[in-house]
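Report on the following structure.
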Amino acid sequence: MTLSLSDIKRVAKLARIEISEADAQQNLIQLSGIFNLIEQMQAVETQKIKPMSYSQDMVQRLREDIVTETDQHIQFQSIAPQIEDSYYLVPRVIE
Amino acid sequence: MQWETVIGLEIHVQLATRSKIFSGASVAYGAQPNSQACAVDIALPGVLPVLNRKAVEYAIRFGLAINAAINSPSIFARKNYFYPDLPKGYQISQLERPIVEGGHVTIRTGDKEKTIHLTRAHLEEDAGKSTHEGFHDKTGIDLNRAGTGLLEIVSEPEMRSSTEAVAYAKALHSLVRWIGICDGNMQEGSFRCDANVSVRPAGSDVLGTRCEIKNLNSFRFLERAIDYEVARQIDILESGGSIIQQTRLYDADRDETRSMRSKEDAHDYRYFPDPDLLPVVIPQEWIEQIREKLPELPEDRRNRYIQDFGLSAYDANILTAARELADYFEQAVKHLPEQSKLCANWIMGEVSGRLNKEELEIDRCPVNPEQLAGLLLRITDGTVSGKIAKDVFDSMWQGNGDSADTIIDAKNLRQISDGGEIEKWIDEVLAANQQQVADYRAGKEKAFNSLVGQIMKISKGKANPAQVNTLLKKRLTE
């Protein structure tokens, strides 16, 4: 797979990362290197191997449906940049 | 050209748990903003999600109710995107191995019946709520809803009209309430629909380019948004254009859909298995336990009402639209099993009408099923006429739980079938209406009804109408 500069910029945009032209060029080289490595690994025969979602052979523990948490919003909001009427305020976003 | 509409729905059902799907914070609606968002929900560093057993149980319950496969193990994935109401920067959802796969529901439009297949239903967490008004140039974020357990139910694109889409949404709405996994409150967002809509030339088996309409929170909006969208797409295609794959929002005030984002800006969610959550293994015994506790399903009950009680399909559909209504019917009809049709008519007519008028749900009905049955028994044995029964019903509605018999006695409403008494009223009416008697004898049938009406009136509605008819006819032909 060949990466283009526009792929880099798109990924950066999706990740909300601002990158300069020079950094984008640099990232293109580095990420292409990673993709080359992945391409090499594609040669390994994996047809008969079951995909692994987890590295550990354990199963998920379940909790009972009980409310255990108390209201701590005053404490949490003490580190928020801006709050009003117990809402967190963020730059206006409308989609 | 003839066009065919193709619709698939994604429905988000808020699970009726007490706590969130991955944390012990409450999900109660309407709390002070952010008072129910704990460290896990606001994504403080170092916290770990722990899965709510009840949420899994509800998903399994749903899967069993629609005859779907339950996947074990089932896997949680991270769906990555940036939005201020999503504190972690990803939503915990499911991609591969969703908990429920396949299954089907039956929908009815008019007298047509159709099976809609489901693709999947998966567990996920809800996001918080953004408020754009009232914070000057800022957006206010309330994270109380963040982490609330949802079941996202995805249908195959098998619906062919907005009517079918609404019938499907209503069938699911009824089902999730019936099996007790969701309160179904659409105003509070407990049941939200997204519609995937495309059109294609009739007869084609290739899908057209689709648009997704987001966040339709009423059946009416669902129907109108689809109708608008279908017309929009046909317009574009017929004027030589092509449909761009888009996410669109329905604007109820303007009754139109507008573009929210196009495919180029579509989120690339970069799903991957969530390392914080291990595979969920569901033992077969657990599934069987849940199956045993499953209530009789609406479809089964509907068929039983038709078979055992001889109700019409129409009546059976209405009575099984909600479990509470069906339960009410069953509790009433068991006192007079021979009169199931009368029971059904009263519940769908008088009871439902009055409930609608007073904006009450059936579980808050002031007249309980036993009281209603008691009244209906008095209609069938001739103690009161249907008309008087409505007055008794009204008294029961306003009353304090008195039985029909108590009210009938207290108000002296017992129907009079005593011939002697009725004859007296007939005498009185005939004497005062010689002209009408003559009219009737001259062949004017209408005059007869007028006379009956007057006799009923002076008897204050208590005369047995059938008997009045017989006796009057006899007198007039003498």
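The values are calculated or read from the model by the stated rules, or taken from the named source; none is laboratory data. Predicted model, so just to flag it, every value in this text is computed and none were measured. All Cβ positions, glycine included, derive from the backbone under ideal geometry; neighbour counts span all protein chains shown.
Which residue out of B:372, B:413, B:430, B:377 is surrounded by 15 or more Cβ atoms within 10 Å (Cβ to Cβ), in a loop (DSSP other than H, G, I, E, B), free of Cβ contacts under 8 Å to residues at least 60 places away in the same chain and of a type in the set (A, V, I, L, M)?
Numbers: B:372 fails: in a loop (DSSP other than H, G, I, E, B); B:430 fails: in a loop (DSSP other than H, G, I, E, B); B:377 fails: in a loop (DSSP other than H, G, I, E, B).
Just one listed residue meets the conditions, B:413.
Please specify each residue of the range B:214-250 satisfying the condition of being β-branched (Val, Ile, Thr) and over 20 Å from residue B:154 (Cβ atoms). First the steps, then the outcome.
Of the residues in the range B:214-250, the ones β-branched (Val, Ile, Thr) are B:226, B:230, B:234, B:236, B:243-244, B:247.
Hits for the range B:214-250 are B:230, B:234, B:236, B:243, B:244.
From B:77, B:69, grab the single residue that is more than 27 Å from residue B:219 (Cα to Cα), touching a residue at least 24 places away in the same chain (Cβ under 8 Å), away from chain A (no Cβ under 11 Å) and of a type in the set (Gly, Ala, Ser). Going through B:77, B:69 in turn, the sole match is B:69.
Of all residue pairs spaced 6 or more apart or on separate chains, those with beta-carbon atoms under 7 Å, a first member in the range B:433-453 that is within 18 Å of residue B:467 (Cβ to Cβ) and a second member that is in a helix (DSSP H, G or I) and of a type in the set (Ser, Thr, Tyr) are B:448/B:440.
Tell me, please, whether a residue that is free of Cβ contacts under 8 Å to residues at least 24 places away in the same chain and in a strand (DSSP E or B) can be found in the range B:3-20. Checked against the condition, which is being free of Cβ contacts under 8 Å to residues at least 24 places away in the same chain and in a strand (DSSP E or B), the range B:3-20 yields no hits at all. Looking at this structure, is residue A:5 touching a Leu at 6+ places or on another chain (Cβ under 6 Å) and within 14 Å of chain B (Cβ to nearest Cβ)? It is false that residue A:5 is touching a Leu at 6+ places or on another chain (Cβ under 6 Å) and within 14 Å of chain B (Cβ to nearest Cβ).
Which of the residues belonging to the range B:216-247 are assigned to a loop (DSSP other than H, G, I, E, B) and either at pLDDT 95 or above or over 30 Å from residue B:184 (Cα atoms) (or both)? Result: B:239, B:240, B:241, B:242, B:243, B:244, B:245.
Just a yes or no: is a residue in the range B:345-357 under 30 Å from residue B:89 (Cβ atoms), in contact with a helix residue (DSSP H, G or I) (Cβ under 9 Å, 6 or more places away or on another chain) and away from chain A (no Cβ under 14 Å)?
Going through the range B:345-357, the residues under 30 Å from residue B:89 (Cβ atoms) turn out to be none.
No, there is no match, as no residue in the range B:345-357 is under 30 Å from residue B:89 (Cβ atoms), in contact with a helix residue (DSSP H, G or I) (Cβ under 9 Å, 6 or more places away or on another chain) and away from chain A (no Cβ under 14 Å).
Counting only strands (runs of 3 or more DSSP E) that fall entirely inside the range B:109-167 and contain at least 1 residues that are within 22 Å of the chain's Cα centre (by Cα), the qualifying elements are B:112-125, B:149-155. Please determine whether any residue of the range A:18-37 is part of a loop (DSSP other than H, G, I, E, B) and surrounded by fewer than 11 Cβ atoms within 10 Å (Cβ to Cβ). Within the range A:18-37 (the criterion being part of a loop (DSSP other than H, G, I, E, B) and surrounded by fewer than 11 Cβ atoms within 10 Å (Cβ to Cβ)), the answer is yes, since at least one residue qualifies.
Restricting to the range B:166-206, and then to whatever is in contact with a Pro (Cβ under 7 Å, 6 or more places away or on another chain) and of a type in the set (A, V, I, L, M, F, W, C), can you tell me which residue is surrounded by the most Cβ atoms within 10 Å (Cβ to Cβ)? Step by step, filter the range B:166-206, then rank; the result is B:178. Screening the range B:303-366 for helices (runs of 4 or more DSSP H) wholly inside it with 3 or more residues that are within 21 Å of residue B:393 (Cα to Cα) returns the ranges B:323-333, B:340-346, B:352-357.
The single condition among (1) more than 14 Å from every other protein chain (Cβ to nearest Cβ); (2) touching a residue at least 12 places away in the same chain (Cβ under 8 Å) that residue B:123 does not meet is (1). Among the residues examined, residue B:258 qualifies as surrounded by fewer than 13 Cβ atoms within 10 Å (Cβ to Cβ), free of Cβ contacts under 8 Å to residues at least 40 places away in the same chain and within 13 Å of chain A (Cβ to nearest Cβ). Here residue B:317 clears all of (1) out of contact with any strand residue (DSSP E or B) (no Cβ under 7 Å at 6 or more places or on another chain); (2) within 30 Å of residue B:374 (Cβ to Cβ) except the condition numbered (1).
Listed here are the residues, each with its yes/no results for (1) over 19 Å from residue B:178 (Cβ atoms); (2) surrounded by 13 or more Cβ atoms within 10 Å (Cβ to Cβ).
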site: B:269; (1), (2): yes, yes
site: B:295; (1), (2): no, yes
site: B:307; (1), (2): yes, no
site: B:321; (1), (2): no, yes
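Given the structure, is residue B:109 touching a strand residue (DSSP E or B) at 6+ places or on another chain (Cβ under 6 Å), of a type outside the set (Asp, Glu) and in the same structural domain as residue B:193 (by TED's automatic domain parsing)? For residue B:109, the condition - touching a strand residue (DSSP E or B) at 6+ places or on another chain (Cβ under 6 Å), of a type outside the set (Asp, Glu) and in the same structural domain as residue B:193 (by TED's automatic domain parsing) - is not met.
Can you find, within the range A:8-54, the residue that is farthest from residue B:277 (Cα to Cα) among those that are of a type in the set (Gly, Ala, Ser) and either within 14 Å of another protein chain (Cβ to nearest Cβ) or touching a residue at least 12 places away in the same chain (Cβ under 8 Å) (or both)? My answer is A:24. Scanning the range B:131-148 for residues that are more than 7 Å from chain A (Cβ to nearest Cβ) and touching a residue at least 12 places away in the same chain (Cβ under 8 Å) yields B:143, B:144, B:145, B:146, B:147, B:148.
Determine, yes or no, whether residue A:67 is facing chain B (nearest Cβ under 10 Å), surrounded by 13 or more Cβ atoms within 10 Å (Cβ to Cβ) and touching a Lys or Arg at 6+ places or on another chain (Cβ under 6 Å).
On the way: facing chain B (nearest Cβ under 10 Å): yes; surrounded by 13 or more Cβ atoms within 10 Å (Cβ to Cβ): yes; touching a Lys or Arg at 6+ places or on another chain (Cβ under 6 Å): yes.
Criteria met by residue A:67.
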